[in-house]
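Worksheet: the structure to be examined is printed underneath.
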Ligand code: ATR
């Protein structure tokens, strides 16, 4: 049986197996997708399991999206993002060997999540909170959509500064300070726990803004609840998650089904419901 994995730490919360197993079944593909909590030291062994065929493909989540990179044969990601979330194989029919490729489908996932709700970034003022693992992918996607300005604030200023070295057009904002924006994006992990609160003075923010949280579980973080109460538009990270998974599935099935562009699985009501019931 062909086996796929999502690796991370922690990994319990991951809904990737639910989605991918549904898609395998829906398309009559004999494969199984599991989750595995790993340590940094396990990465090398897991990648060699791809080489020896025990595993066909992998999704990577926090905190290993960067540390898997040295073990891959080829990375096809924007270098600035330093983030691989999908690892799959590509067969060379001439030499009959497999290459292990790393891709970043978070970028596309974020972009498609905005297209899905028809929100246009062009000319908008964007304010990003956080400078963690997923943040560079979001910045990369945003820059392609031509905002007028991107501002960024992170509790640890040094990390924000390091990110701005890679994306020099970003404006650094002090943690706790709020600038005028059209769209604010929470890329921190604050909100995963019920009592988590970001330092935002909502009274200081005008009306009609767009609040986007990368977190999708809980469905509405305090960040989104507070914004919704004040009539702002809100969006959680669910569609970003679904679209990144859809693209990963497509990449997985190129080799698995031996079809040139892989199989793009459907995103329908049933798929979305899979992520709702716990
Ligand atoms: P990593 O930083 O290892 O990539 P991450 O989960 O991808 O981990 O990112 C965590 C993000 O959430 C960071 O921006 C982090 O801020 P710091 O750089 O200051 O650590 C932010 N974060 C996590 N807990 C936070 C808290 N209690 N207050 C403010 N920001 C927090």
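The numbers here are math on the coordinates, done by the rules we state, and not lab data. These numbers come from a predicted model, not from an experiment. We place every Cβ from the backbone using ideal geometry, glycine too, and count neighbours over all the protein chains shown.
Taking the chain, how much of its Cα-Cα pair set, in percent, is spaced more than 32 angstrom apart?
Distances greater than 32 Å cover 25 percent of the Cα pairs.
Taking the Cα atoms only, what angle lies between the long axis of helix 135-144 and the longest principal axis of the chain, rounded to 10 degrees?
On a 0 to 90 degree scale, this one is about 80.
Output the Cα-based Rg and Dmax of the range 12-134 in Å, rounding Rg to one decimal and Dmax to a whole number.
Final numbers for Rg and Dmax: 16.6, 50 Å.
Of 235, 115, how do they rank once you tally other Cβ atoms within 10 Å and put the fewest first?
115, 235
Quick one: what Rg and Dmax do you get for the range 44-85 from the alpha carbons, in Å?
Looking at the range 44-85, its Cα Rg and Dmax stand at 10.5, 31 Å.
Set the Förster distance to 41 Å, then compute FRET efficiency between residue 76 and residue 207 from the Cβ-Cβ distance, nearest 0.05.
Result of the calculation: an efficiency of 0.45.
Would you list 140, 202 from fewest to most Cβ contacts within 10 Å?
202, 140
Extending each Cα 7 Å along its Cβ direction at residue 28 and residue 1, get the distance between those two points in nm, one decimal.
2.0 nm
Counting only helical runs of four or more DSSP H residues, what would the 222 nm mean residue ellipticity of the chain come to if each run contributes -39,500 (n - 2.57) and the total is spread over all its residues?
Counting only the DSSP helices, I get -9000 deg cm²/dmol.
Cα atoms only: what Rg and Dmax, in Å, come out for the range 52-109?
Reported Rg and Dmax, both Å: 11.8, 36.
Considering the convex hull of the alpha carbon atoms of the range 193-252, report its projected area averaged over all viewing directions, in nm², one decimal.
One quarter of the hull surface, i.e. the mean projection, equals 4.9 nm².
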